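So the structure is just underneath, and the comments pick up after that.
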Amino acid sequence: GTSSYKFSREQQYVFDQFNTYPRAMMSGLYSIGLRRLLRFFDRKQILILQYERCRKDPLEEITRTYRFLEVDGQFLPQNINRKINRKDHLVPKMTPEERFRLAEYFAEEVSNIKEMFPEIELSLWDDFIE
């Protein structure tokens, strides 16, 4: 496949394999937007919330968010532990080979994000455990 992006051979393979989801693939490249954000805002003005941490310990993460926003940390939303927007996967489960290729595709991306935001817990991402 051809694209205006410069992909390594492995990245191109993944992009071609998952070409029905190119928008999803490109929207997963967070470091571009985060790098831009850091150009305009001081690092102390940015709070990174990791989905897996929010899911694992919602109370801790909402408390951390309140502290960051300097608002009353005593408030506890009634639905903090309620699971919402639960849906079955609409995409067929990946084969181990596809998952490996996808992890290769995002490896540099994850490394860039971890460098910018060391608080990201890679141990929560099975494919990127340190």
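What the table below lists for this structure:
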| quantity | calculated |
| --- | --- |
| Per-peptide average of other Cβ atoms within 10 Å, ordering 81-87, 68-74, 7-13 highest first | 7-13, 68-74, 81-87 |
| Sequence of TYR30, TYR66 when ordered by accessible area, the most exposed leading, probe 1.4 angstrom | TYR30, TYR66 |
| Area of PHE41 that stays accessible when all protein chains are in place (1.4 Å probe, Å², to 10) | 100 Å² |
| Qualifying lysines (Cα of each under 28 Å from Cα of LYS56; at least 8 residues distant if same chain) | LYS44, LYS83, LYS87, LYS93, LYS114 |
| Solvent-accessible surface ranking, highest first, for LYS44, LYS114 at 1.4 angstrom | LYS44, LYS114 |
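The values are calculated or read from the model by the stated rules, or taken from the named source; none is laboratory data. Since this is a predicted model, take the numbers as computed values, not measurements. Glycine gets a Cβ as well: all are built from the backbone with ideal geometry, and neighbour counts include every protein chain shown. Side chains included, ligands, DNA and RNA excluded: accessible areas come from the protein's heavy atoms. Shrake-Rupley method; radii C 1.70, N 1.55, O 1.52, S 1.80 Å.
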